[in-house]
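Peer 1: I'd like to ask some things about the structure below.
The values are calculated or read from the model by the stated rules, or taken from the named source; none is laboratory data. These numbers come from a predicted model, not from an experiment. All Cβ positions, even for glycine, are placed from backbone atoms using ideal geometry, and neighbour counts span all protein chains on display. Remember, those area values only see protein heavy atoms, side chains included, never the ligands or the DNA or RNA. Shrake-Rupley method; radii C 1.70, N 1.55, O 1.52, S 1.80 Å.
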Amino acid sequence: MSEPLVFHFDINGDDFSTAGQASVQIKNNLRQLGLSPEIIRRVSIAMYEGEINMVIHANGGTADVKVYEDCVEIILADNGPGIKDIDMAMKEGYSTASDSTRSLGFGAGMGLPNMKRYTDDMKIDSTVGVGTTVTMKINIA
Amino acid sequence: MKVVELASLCGFEVLCMPDGDRQVSGAYIGDLLSWVMGRARADSAWITIMSNVNVIAVASLADVACVILAEGVTLDDELIKTATAKGVNILKSELPAYETATELVGKV
Ligand SMILES: Nc1ncnc2c1ncn2[C@@H]1O[C@H](COP(=O)(O)OP(=O)(O)OP(=O)(O)O)[C@@H](O)[C@H]1O
Ligand SMILES: [Mg+2]
């Protein structure tokens, strides 16, 4: 298999107004690569939810997107507080978001469920006090 | 129907319309962004009272045809520029969300 195309982003943790820029950039990149609107939409939403989570829950992190011939892989890594109970966090409606975050429209507790719904594979590795890595795959062929 | 036609038929104010020829199909009402990303369909009209920068990102990534700000909510000039640059159509209605949605019935 040929080498994947790799895109790397540093996600700034203290700026809400720029949160989501990496996802928007990826959307444009995938468009240029000629992927279908449906795939682009799924990748964009899954990545945006993950990117926002790193901003609001983990003070930022990194995003790596690898485009293979048959799939897109998104790896989001942070050194935030970690997730104590992943099963609980995956439940629709579960959120620890602050009131100020909620006032912006976040904190419905639907981000992780959306990431699961829009991807073909999703894995969360998290250690409390160390950080969280979310790996998602979307098949394109 | 195209966004540009919808705006004029329903009497919505146009805040920005970089892609007025885009076809609208269906609608979704919601203010919690993850609900919108989970439930709104591509090409739909998204009715909301939220008006921060994240709305523009969500509209773009979720690939909705247009945002309709209800209740007379408006957007800062700076955000209108951002939406224009990102190709996001933004309309404005003086009506509450439900009445705004009823305007769309039979059109989208
Ligand atoms: N990267 C992360 N680091 C630490 N905790 C996280 C991280 N991502 C998610 N969580 C925890 O999991 C919970 C559920 O996340 P989820 O994205 O589903 O909802 P939310 O971010 O609270 O709200 P929404 O995504 O609907 O705006 C969060 O409230 C938070 O407690
Ligand atoms: Mg979230």
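Peer 1: Please go through region A:6-32 and pick out each residue that is open to solvent by less than 50 Å² (accessible area, probe 1.4 Å), within 14 Å of chain B (Cβ to nearest Cβ) and under 15 Å from A:Glu49 (Cα atoms).
Peer 2: A:Ile11, A:Thr18, A:Ala19, A:Gly20, A:Ala22, A:Ser23, A:Val24, A:Ile26, A:Lys27
Peer 1: Just the residues that are touching a residue at least 60 places away in the same chain (Cβ under 8 Å), open to solvent by 20 Å² or more (accessible area, probe 1.4 Å) and not in a strand (DSSP E or B), please, taken from region B:12-44.
Peer 2: Taking region B:12-44 and keeping what is touching a residue at least 60 places away in the same chain (Cβ under 8 Å), we get B:12-20, B:22, B:24-27, B:29, B:44.
Remaining after also requiring open to solvent by 20 Å² or more (accessible area, probe 1.4 Å): B:13-15, B:17-19, B:22, B:25-27, B:29.
B:Met17, B:Pro18, B:Asp19, B:Arg22, B:Ser25, B:Gly26, listed by residue number.
Peer 1: For the structure I just gave you, tell me whether A:Tyr94 is of a type outside the set (A, V, I, L, M) and either within 30 Å of A:Ala141 (Cα to Cα) or open to solvent by less than 20 Å² (accessible area, probe 1.4 Å) (or both).
Peer 2: Working: of a type outside the set (A, V, I, L, M): yes; either within 30 Å of A:Ala141 (Cα to Cα) or open to solvent by less than 20 Å² (accessible area, probe 1.4 Å) (or both): no.
Judged against the criteria, A:Tyr94 is not a match.
Peer 1: Taking region B:58-85 as the region of interest, how many residues are part of a loop (DSSP other than H, G, I, E, B) and surrounded by 18 or more Cβ atoms within 10 Å (Cβ to Cβ)?
Peer 2: Taking region B:58-85 as the starting set, the residues that turn out to be part of a loop (DSSP other than H, G, I, E, B) are B:62-65, B:70-76.
Of the ones still in play, those that are also surrounded by 18 or more Cβ atoms within 10 Å (Cβ to Cβ) are B:62-65, B:70, B:75.
Adding up the residues that qualify gives 6.
Peer 1: Return a yes/no flag: does region B:64-83 have any residue that is in contact (Cβ under 8 Å) with a residue 60 or more places away in the chain, more than 10 Å from every other protein chain (Cβ to nearest Cβ) and of a type in the set (Ser, Thr, Tyr).
Peer 2: no
Peer 1: Now for a different question. Among (1) more than 28 Å from A:Asn28 (Cβ to Cβ); (2) among the acidic types (Asp, Glu); (3) in contact (Cβ under 8 Å) with a residue 60 or more places away in the chain, where does A:Glu92 come up short?
Peer 2: Only one criterion is unmet by A:Glu92, namely (3).
Peer 1: Let me ask something additional. Which count do you get for residues in region A:40-57 that are open to solvent by 20 Å² or more (accessible area, probe 1.4 Å) and either touching a strand residue (DSSP E or B) at 6+ places or on another chain (Cβ under 9 Å) or more than 16 Å from ligand 2 (Cβ to nearest atom) (or both)?
Peer 2: So the count comes out to 4.
Peer 1: Also, quick follow-up: For region B:45-57, give me each residue that is open to solvent by 10 Å² or more (accessible area, probe 1.4 Å) and either acidic (Asp, Glu) or assigned to a helix (DSSP H, G or I) (or both).
Peer 2: Across region B:45-57, the qualifying residue is only B:Val53.
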